[in-house]
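Each remark here refers to the structure printed beneath this line.
The values are calculated or read from the model by the stated rules, or taken from the named source; none is laboratory data. Keep in mind it's a predicted model, so treat the numbers as computed, not measured. As a convention, Cβ positions derive from the backbone with ideal geometry for all residues, glycine included, and neighbour counts pool all protein chains shown.
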Amino acid sequence: MNPSHPATASRHTATKTILFVVLAVALLVSVLVSAGTGQLGIPPQEVLGSLLHRVGIDWLPLPTHPTGDQTLWAIRFPRVAMAALVGAGLAVAGLIMQAIFGNPLAEPGVIGISSGAAVGAGLAIVFGLTVFGEWTTAVFAFVAGLAATLIVYAMSRAEGKTEVVTLVLTGIAVNAIAGAAIALLTFLGDTQSREQIVFWQLGSLAGSRWSQVLIVAPVIAIGLIVAYAVARKLDLLSLGERNARHLGVNVEALRIGMIFIVALLTGAAVAFAGIIAFVGLVIPHLMRMILGPAHLPLVTASALGGALLLTLADLGARTIVPMADMPIGMLTALVGGPFFFWLLRRTRKRAGGWG
């Protein structure tokens with residue numbers, strides 16, 4: 001046995017542990033700071049005191065302002081919780097997509113799932129559909145997102161492989177068609193509908209409520225559980241389709257199932273937060289660069305990293321411009337766009353060109 005193997009495994013375990021601890025601590029700090037930031041400033045120790053008080057622990061002081069506790073639980077905490085959930089969901093969705101398509105450029109926003117889901121939501125908004133009650137918008141977003149995913153998947157397959165260039169180009173086409181559909185819906189809708197559609201296109205967590213969090217949380221939990229369950233199969237798939245089949249993986253069934261989960265995660269996120277691009281591209285790729293290709297730790301790291309990124313982005317959206325709430329999707333695109341350019345160049349250089 002190579003004596004370097006135990007040392008290498010030990011270093012990898014240490015790296016994984018350190019990364020998880022850093023991400024978890026950073027997420028906790030960002031949650032406390034974000035929840036305490038706003039027109040009514042609340043110190044982090046009072047925010048934590050309010051959280052602990054709800055579970056019966058009175059170690060830290062409660063907010064001193066008369067309406068501080070109410071502000072936290074009615075406005076701030078639902079928004080921060082939604083940011084963390086949506087970020088985790090989008091990051092894990094991106095990780096799954098990169099695994100099943102076999103390339104680092106796959107991401108729900110890049111290949112049209114988000115815009116497809118927004119079209120579904122737009123249809124529900126403009127035509128006032130209430131077929132599924134309060135779930136109607138989310139269901140329509142999910143179905144439209146799933147349809148967009150299946151179209152991209154079908155058209156990017158050639159000779160048993162998913163071609164990265166076709167994937168990106170098909171995504172561009174789907175995004176263009178979805179953009180035209182959203183423009184048509186904006187034209188057909190009334191003033192209130194138009195305002196809501198603009199919300200979808202820009203992305204925002206303003207007005208998040210506990211009732212929405214309670215809808216999104218189980219969906220994200222299901223997605224995470226399934227991602228953990230199939231992590232080993234995704235590892236085998238990364239060895240190549242033929243090898244995965246020889247090792248007992250039903251590749252097409254795995255892909256279709258994972259596409260359903262990705263659409264579920266992305267549809268839930270888009271249904272309540274609008275289009276938030278590039279989280280599913282940036283976070284999984286960064287985590288893979290640090291941890292390597294094993295998907296079990298990557299699911300945890302991507303979920304924590306996505307939650308951290310969107311919590312910080314939401315904090316930036318509320319603080320960069322005084323007395324204004326910037327679109328969060330705009331901020332993530334400003335970060336993710338340059339990263340995507342770099343990733344395209346890096347992938348092309350590694351492959352020796354697209355030809």
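Side notes on the structure shown:
- Look at (1) closer than 24 Å to ILE100 by Cβ; (2) touching a Lys or Arg at 6+ places or on another chain (Cβ under 8 Å) and you find that ARG346 fails only one, number (2).
- If you check ALA269, ALA244, ALA181 for being under 19 Å from the mean Cα position of the chain (by Cα) and among the small types (Gly, Ala, Ser), only one passes: ALA269.
- Selection from segment 7-36 of residues that are crowded, with 18+ Cβ neighbours inside 10 Å and under 18 Å from the mean Cα position of the chain (by Cα): LEU23, LEU27, SER30, VAL31
- Selection within segment 203-247 - touching a helix residue (DSSP H, G or I) at 6+ places or on another chain (Cβ under 8 Å), more than 25 Å from ALA277 (Cβ to Cβ), free of Cβ contacts under 8 Å to residues at least 60 places away in the same chain and surrounded by fewer than 17 Cβ atoms within 10 Å (Cβ to Cβ): ASN243, ARG245, LEU247
- Flag if LEU310 is over 30 Å from THR8 (Cα atoms) and modelled with pLDDT of 95 or more: yes
- Filtered residue count, segment 327-355, keeping only those that are loosely packed, with under 14 Cβ neighbours inside 10 Å and either among the aliphatic types (A, V, I, L, M) or modelled with pLDDT under 80 (or both): 10
- A single entry from ALA158, ALA147, ALA121 fulfils the requirement of being within 18 Å of the chain's Cα centre (by Cα) and either within 20 Å of TRP200 (Cα to Cα) or at pLDDT below 80 (or both): ALA121.
- In this entry, LEU129 passes the filter for residues that are of a type outside the set (Val, Ile, Thr), surrounded by fewer than 21 Cβ atoms within 10 Å (Cβ to Cβ), within 30 Å of VAL213 (Cα to Cα) and at pLDDT 85 or above.
- Options PHE272, PHE340; residue that is within 22 Å of VAL219 (Cα to Cα), of a type outside the set (Ser, Thr, Tyr) and assigned to a helix (DSSP H, G or I): PHE272
- Those residues of segment 275-299 which are outside any helix (DSSP H, G or I) and surrounded by 23 or more Cβ atoms within 10 Å (Cβ to Cβ), in sequence order: ILE275, ILE276, ALA277, PHE278
- Checking ASN103 against (1) within 24 Å of ILE225 (Cβ to Cβ); (2) within 18 Å of the chain's Cα centre (by Cα), the condition it does not meet: (1)
- Within segment 280-298, the set of residues being without any contact (Cβ under 8 Å) to a residue 24 or more places away in the chain and more than 23 Å from ALA83 (Cα to Cα) comprises MET289 only.
- Which listed residue is among the hydrophobic types (A, V, I, L, M, F, W, C) and in contact (Cβ under 8 Å) with a residue 40 or more places away in the chain, from ALA124, ALA74, ALA84: ALA84
- Selected residue (criterion: farthest from LEU281 (Cα to Cα)) from residues of segment 300-337 that are of a type in the set (Val, Ile, Thr) and in a loop (DSSP other than H, G, I, E, B): VAL321
- Residue, surrounded by the most Cβ atoms within 10 Å (Cβ to Cβ), within segment 248-271, restricted to residues that are among the aliphatic types (A, V, I, L, M) and free of Cβ contacts under 8 Å to residues at least 24 places away in the same chain: VAL249
- Wholly within segment 1-90, helices (runs of 4 or more DSSP H) carrying at least 1 residues that are farther than 30 Å from PHE278 by Cα, in contact with a helix residue (DSSP H, G or I) (Cβ under 9 Å, 6 or more places away or on another chain) and of a type in the set (Gly, Ala, Ser): 44-54, 68-71
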